[in-house]
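Step one of this worksheet: look at the structure below.
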Amino acid sequence: MSTVTNAVKPRTTEESPWRRRLVRLARAAASSVVATLVSQAALLTILWAGGAPALASAVAFAAGAVPNYLVTRRWVWGRRGRPRVRRELAPYLVVIAVCGLVAVGLTTLAGHLIAPLTLPHALWVVLLDGAYVASYALVFVVKFTLLDRLVFGRGAARTPATTSPS
């Protein structure tokens, strides 16, 4: 009789750092989709009503930032309890404000570039919406990296006292 050995490594409860980072990245992407949907509702409503691109993108940014913070803080980085203002909330606001300014700036620039064209209003809205979404796609990886390294990635986020077992 021959013995068959299995070369598969035994499963452990310890996840690799790369797997943790990929799970966090996927969760951050999902929370960004939720925030984008909220932002899109605000952006399209204001643009459709004839609002300026700068106003529409600024309101849309603010509308998406609140649910994004709440979902990201808890689900992506496992933070619970009251946020520490200097170590968590203030740096988060700086990171998303810079990303928001990029989105507002790019949407406003797109508005200026297409303003001389005689486009139907619906096409104008679609083009500005595309510029808004594209700007967020461009800064997503940078935003995730900054949040992971500077805001939520501190050791406290990974201690048993501040994370859930799920």
| remark: By residue number, the members of segment 45-57 that are at pLDDT 85 or above and not aromatic (Phe, Trp, Tyr) are Thr45, Ile46, Leu47, Ala49, Gly50, Gly51, Ala52, Leu55, Ala56
| Any residue in segment 69-90 that is more than 30 Å from Arg20 (Cβ to Cβ), within 19 Å of the chain's Cα centre (by Cα), crowded, with 20+ Cβ neighbours inside 10 Å and of a type in the set (S, T, N, Q)? | no
| Can you name the number of the only condition in (1) outside any helix (DSSP H, G or I); (2) modelled with pLDDT under 85 that Leu119 fails? | (2)
| Does Thr12 fit the bill of being exposed (fewer than 13 other Cβ atoms within 10 Å of the Cβ) and either assigned to a loop (DSSP other than H, G, I, E, B) or at pLDDT 85 or above (or both)? | yes
| task | Tell me which residues, restricted to segment 46-68, are under 13 Å from Tyr92 (Cα atoms) and buried (at least 18 other Cβ atoms within 10 Å of the Cβ). | result | Ala65, Asn68
| query | Looking at Ala42, is it out of contact with any strand residue (DSSP E or B) (no Cβ under 8 Å at 6 or more places or on another chain), modelled with pLDDT under 90, assigned to a helix (DSSP H, G or I) and within 16 Å of Ser135 (Cβ to Cβ)? | reply | no
| query | On the given criteria, is Leu22 of a type in the set (A, V, I, L, M, F, W, C), under 14 Å from Asp148 (Cα atoms) and at pLDDT 85 or above? | reply | yes
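The values are calculated or read from the model by the stated rules, or taken from the named source; none is laboratory data. Predicted model, so just to flag it, every value in this text is computed and none were measured. All Cβ positions, even for glycine, are placed from backbone atoms using ideal geometry, and neighbour counts span all protein chains on display.
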